[in-house]
Amino acid sequence: MTVRFGDVIEIELPNTWPNELRRLLEDNLDLLSMYESERVRIDRFYKESDLARVTPQHNPHEAERDELIERADAMLVDKDILGFHCTRLAEDEATAIRAEGLEPLTPDLLERRIRWRAEAGELTSEQAEALIAEHQGAQEGRLDTTWFIHSRSILRVEGAVYRLFRSWGGEAMYWGHENHSGIGPALRAIGQPCIVVAAVPVANIQSFNSMGEWFVTTFLAQHGVETRIRPDVEGHVREPVGAGSIKALIFHGEETFEELTGCSDWDRSFA
């Protein structure tokens with residue numbers, strides 16, 4: 001039985017989608033499939049034909065597909081979809097998230113978290129100062145963001161999420177310190193691997209494609225239709241995620257954590 005988190009839309013579970021969106025995609029499966037077949041033909045032509053430079057190719061289904069994606073986007077823009085934030089949390093941090101939600105990443109947030117762990121005796125003062133001096137919290141792509149996985153299947157890919165669970169603090173914190181003889185083990189000893197499950201407003205999500213296109217891509221993959229992009233949906237928000245949007249905090253050792261990740265079959269442990 002697939003674990004659910006309320007009635008929030010989940011991109012890999014079509015039975016959670018708005019009825020109008022599901023009907024739109026089901027009614028247009030042939031159109032979407034023809035677009036992808038033609039795209040494959042055009043890609044092959046450009047790769048293999050000597051005439052590619054002088055013979056532009058046009059996908060006759062492109063305009064209808066683009067219109068369909070716009071309609072899908074409009075159906076989703078005022079909705080929330082489920083997101084999974086993979087991390088490692090100390091008990092007091094989990095308590096704060098339940099009470100206050102998730103803050104976007106900032107240098108101030110990272111430095112506060114580091115000092116709390118030093119005050120708790122989990123980092124030495126030297127380790128804390130090194131982390132404060134060398135974190136990547138101000139780096140473009142990290143600053144003012146909270147990242148979510150929206151395709152729960154990614155949670156079962158060890159290479160995609162293992163490091164997020166292994167070391168405390170997130171990539172901006174542990175980057176460059178994982179193999180340090182002192183700091184690395186200290187980060188691995190703080191807290192427990194955790195999946196923060198949240199209802200994320202679609203209007204706030206920034207990703208490589210629109211959410212409508214992601215739903216189309218996921219729908220086609222579930223019907224065995226090859227697309228140019230993999231239906232592995234991730235994105236970030238720049239707004240706080242309030243406590244009312246937090247659906248669950250799931251820790252390693254809980255049955256649901258195992259159900260979502262299958263981590264007992266991974267090659268590496270969190271020890």
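The values are calculated or read from the model by the stated rules, or taken from the named source; none is laboratory data. Note that the structure is predicted; figures quoted are calculated from it, not measured. When we count neighbours, we look across all protein chains shown, and the Cβ atoms used for this are built from the backbone with ideal geometry, even at glycine.
Per-structure values
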quantity	calculated
Failed item, numbered, when Arg142 is tested on (1) part of a loop (DSSP other than H, G, I, E, B); (2) touching a Ser or Thr at 6+ places or on another chain (Cβ under 6 Å)	(2)
Members of segment 170-205 that are of a type in the set (Val, Ile, Thr) and part of a helix (DSSP H, G or I)	Ile183, Val202
Members of segment 62-99 found to be in contact with an Asp or Glu (Cβ under 6 Å, 6 or more places away or on another chain) and not in a helix (DSSP H, G or I), listed by number	Leu82
Number of the exception - Arg238 against (1) within 23 Å of Asp27 (Cβ to Cβ); (2) in the same structural domain as Gly141 (by TED's automatic domain parsing); (3) basic (Lys, Arg)	(1)
Residue list for segment 231-259, restricted to those being more than 14 Å from the chain's Cα centre (by Cα) and among the aliphatic types (A, V, I, L, M)	Val241, Ala243, Ile246, Ala248, Leu249, Ile250
Every residue from segment 225-263 that is in contact with a helix residue (DSSP H, G or I) (Cβ under 8 Å, 6 or more places away or on another chain), acidic (Asp, Glu) and assigned to a loop (DSSP other than H, G, I, E, B)	Glu226, Asp232, Glu239
Selection count, segment 206-224, where residues are surrounded by fewer than 16 Cβ atoms within 10 Å (Cβ to Cβ) and either touching a helix residue (DSSP H, G or I) at 6+ places or on another chain (Cβ under 6 Å) or part of a strand (DSSP E or B) (or both)	1
Subset tally (residues that are surrounded by fewer than 16 Cβ atoms within 10 Å (Cβ to Cβ) and assigned to a helix (DSSP H, G or I)) for segment 122-131	3
Selected residue (only one of Ala186, Ala138, Ala172 is surrounded by 17 or more Cβ atoms within 10 Å (Cβ to Cβ) and either closer than 20 Å to Leu102 by Cβ or aromatic (Phe, Trp, Tyr) (or both))	Ala172
Residue within segment 100-121 that is outside any helix (DSSP H, G or I), free of Cβ contacts under 8 Å to residues at least 24 places away in the same chain and more than 30 Å from Glu38 (Cβ to Cβ) present	yes
Residue check, Glu93 among the acidic types (Asp, Glu), closer than 29 Å to Thr218 by Cα and out of contact with any strand residue (DSSP E or B) (no Cβ under 8 Å at 6 or more places or on another chain)	no
Qualifying residue in segment 145-156 (condition: out of contact with any Phe, Trp or Tyr (no Cβ under 6 Å at 6 or more places or on another chain), modelled with pLDDT of 95 or more, assigned to a loop (DSSP other than H, G, I, E, B) and more than 30 Å from Ser264 (Cα to Cα))	yes
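Residue by residue, here is whether (1) under 12 Å from the mean Cα position of the chain (by Cα); (2) free of Cβ contacts under 8 Å to residues at least 12 places away in the same chain holds:
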{"position": "Ala133", "(1), (2)": "no, yes"}
{"position": "Ile154", "(1), (2)": "yes, no"}
{"position": "Tyr162", "(1), (2)": "no, no"}
{"position": "Glu171", "(1), (2)": "no, no"}
{"position": "Ile195", "(1), (2)": "yes, no"}
{"position": "Asn204", "(1), (2)": "no, no"}
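Residues are listed down the side, and each one gets a yes or a no for (1) of a type outside the set (Lys, Arg); (2) closer than 30 Å to Ala118 by Cβ:
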site: Asn179; (1), (2): yes, yes
site: Ile183; (1), (2): yes, yes
site: Val196; (1), (2): yes, yes
site: Ala203; (1), (2): yes, no
site: Val225; (1), (2): yes, no
site: Arg238; (1), (2): no, yes
site: Lys247; (1), (2): no, no
